[in-house]
1. Cβ contacts < 6 Å: first residue open to solvent by less than 50 Å² (accessible area, probe 1.4 Å), restricted to segment 359-379; second residue among the aromatic types (F, W, Y) and assigned to a strand (DSSP E or B), any location; separation 6+ or different chain. Result?
2. Residues A265, A248: which one is among the aliphatic types (A, V, I, L, M) and either closer than 30 Å to N201 by Cβ or in contact (Cβ under 8 Å) with a residue 60 or more places away in the chain (or both)?
3. In segment 221-255, how many residues are more than 30 Å from R350 (Cβ to Cβ) and open to solvent by 40 Å² or more (accessible area, probe 1.4 Å)?
4. Select the helices (runs of 4 or more DSSP H) contained entirely in segment 96-155, then report the ones holding at least 2 residues which are more than 22 Å from N346 (Cα to Cα) and open to solvent by 10 Å² or more (accessible area, probe 1.4 Å).
5. Inside segment 65-84, can you point out the residues that are under 21 Å from G217 (Cα atoms) and either exposed (fewer than 14 other Cβ atoms within 10 Å of the Cβ) or among the small types (G, A, S) (or both)?
6. Can P259 be described as part of a loop (DSSP other than H, G, I, E, B), open to solvent by 40 Å² or more (accessible area, probe 1.4 Å) and of a type outside the set (F, W, Y)?
7. Kindly establish whether I281 is more than 25 Å from I343 (Cα to Cα), in a strand (DSSP E or B) and open to solvent by less than 10 Å² (accessible area, probe 1.4 Å).
8. Return the total of residues in segment 380-396 being of a type in the set (V, I, T) and open to solvent by less than 50 Å² (accessible area, probe 1.4 Å).
Amino acid sequence: MSATENSTSKDTNALSLNAQIAPVSEETREAYRAPVAFADIWQANQYLFPLIEHTPLVYSRDLSALTGAKIHLKFEQMQRGGSFKVRGATYKMSRLSEEQRKAGVITASAGNHAQGVAIAAASYGIPCTIVVPENASLTKVTATQSYGAKVVLAGATYDDAVQHCVEMQKELGATGPTYIPAFDDIDVVTGQGTLGLEMLNEVPSADAIVVPIGGGGLIAGIAIAARAMKPSIKIIGVEADGAASMRASIRAGKLITLPALATIADGIAIKQPGKVTFPIIQHLVDDVVLVTDEQIIHAALFLMEKHKILVEGAGASAVAALMSGTLQLPDKEVLIPLTGGNIDTNLLGRFAEHGLINANRHFALRASFPDRPGELARMLNIIAAMRVNIIDVHYQHVSAQLPFMQHEAMITLETRNRAQCEELLQVLRAAGFAVEEAQAIQPVALPNS
């Protein structure tokens, strides 16, 4: 039985999709021979050990209490470059010949892979060019440049950037730079698999690993390592519902290319899974579940509040699956890699605003009242007496929509919960004010990848 067949979800579309993936049988797993052996991942781990950070693995009491599972978080956002990507990039770079190193490397990335490649190239003294989408996170682009890489902006999505990268490579010819794939490469999968080895070495009693999925390089590597170390372990992938190419491909039994992407989690926004990674996931991963952007934002803010850590949308997606109830693993010991922490400061502010509104911690009301001196002050005094903090007051004297001698105010407040919002409306109405709930902040379109 799939790990999520009996789970419930606020996202009914995700739930119906979850029910349609047939679980992988033990016989199928045993018969499958992955293109990467556990010995390869072990060797890669030995090589990478002195070159990368051994990031903390932390038991989360707050998440465990909330979900009923025993959750351990791997703080991979503290890795060099702010994500796990440096593992695969460094190992891939180590496999290049001297001639290839002299010719340089080129790659395409939404941001995290770019930094991983730039760091690895700098450590080997290899010339490096990175193609990123035009709307890539400024934080990621600036960081990539700081490692000495040349950055080229091209296309609206990661897939567009890849196409531009391929065209550049063709123009430079056979003696030009070597392309370093973000996920669809044996050496990259091997390097990423060291994260699974590292986690299970620390918590060998784990029952499940829950991993974000973009192109599939990380979960493919983790699945190979984890199946070798503990065959009974559950491996569950998580995609954003606006970028669920792996989910669609598994359901179809072949690679599916999405026509468009719509998610704030740019690190896992991929139109088509990798040709190398797809069969590995198809045979070794138990399930792939979906989360909404709302659930991702909620998870990112929870991690910020409870653990005092900054995690980007893609990095928080696995936590979102458990927090939302989309994935339920009661009493199971669960490993979750927080895959990245490179979030743009402006986007972080939008996360916070969006999350506070949805949690009823920012509340707005529209009030209309007759043109009499002291009416607005009387209303604000009632609000203050309820110990509600006033964030903003927008007072309108005249409007075509208002009756003659009638004024209106839009008041944004900082509240504790929904109950306090309802209480506030009741008290103000009892005091004779005509008030109604309003939109606190006009929704800001969050950037798609």
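The values are calculated or read from the model by the stated rules, or taken from the named source; none is laboratory data. Everything numeric in this text was worked out from a predicted model, so none of it was measured. For neighbour counting, all protein chains shown are included, and Cβ atoms are generated from backbone atoms with ideal geometry for every residue, glycine included. Ligands, DNA and RNA are excluded from the accessible area calculation, which covers all protein heavy atoms including side chains. Shrake-Rupley method; radii C 1.70, N 1.55, O 1.52, S 1.80 Å.
1. Pairs that qualify, where the first residue is open to solvent by less than 50 Å² (accessible area, probe 1.4 Å) and the partner is among the aromatic types (F, W, Y) and assigned to a strand (DSSP E or B), are E375/F369.
2. Details: A248 fails: either closer than 30 Å to N201 by Cβ or in contact (Cβ under 8 Å) with a residue 60 or more places away in the chain (or both).
Matching residue, one of A265, A248: A265.
3. Of the residues in segment 221-255, the ones more than 30 Å from R350 (Cβ to Cβ) are 221-235, 249-255.
With open to solvent by 40 Å² or more (accessible area, probe 1.4 Å) added as a condition, the list becomes 228-232, 234, 251-255.
Total satisfying the criteria: 11.
4. Values: elements: 98-103, 112-124, 138-146.
Counting at least 2 such residues, we get 98-103, 112-124.
5. Start the filter on segment 65-84 by keeping residues that are under 21 Å from G217 (Cα atoms), which leaves 73-84.
Passing the criteria: G81, G82, S83.
6. On the way: part of a loop (DSSP other than H, G, I, E, B): yes; open to solvent by 40 Å² or more (accessible area, probe 1.4 Å): yes; of a type outside the set (F, W, Y): yes.
The answer is yes for P259.
7. Numbers: more than 25 Å from I343 (Cα to Cα): yes; in a strand (DSSP E or B): no; open to solvent by less than 10 Å² (accessible area, probe 1.4 Å): yes.
Taking the combined requirement at face value, the residue does not satisfy it.
8. The first filter runs over segment 380-396 and keeps only residues of a type in the set (V, I, T), leaving 382-383, 388, 390-391, 393.
Those left that are additionally open to solvent by less than 50 Å² (accessible area, probe 1.4 Å): 382-383, 388.
So the count comes out to 3.
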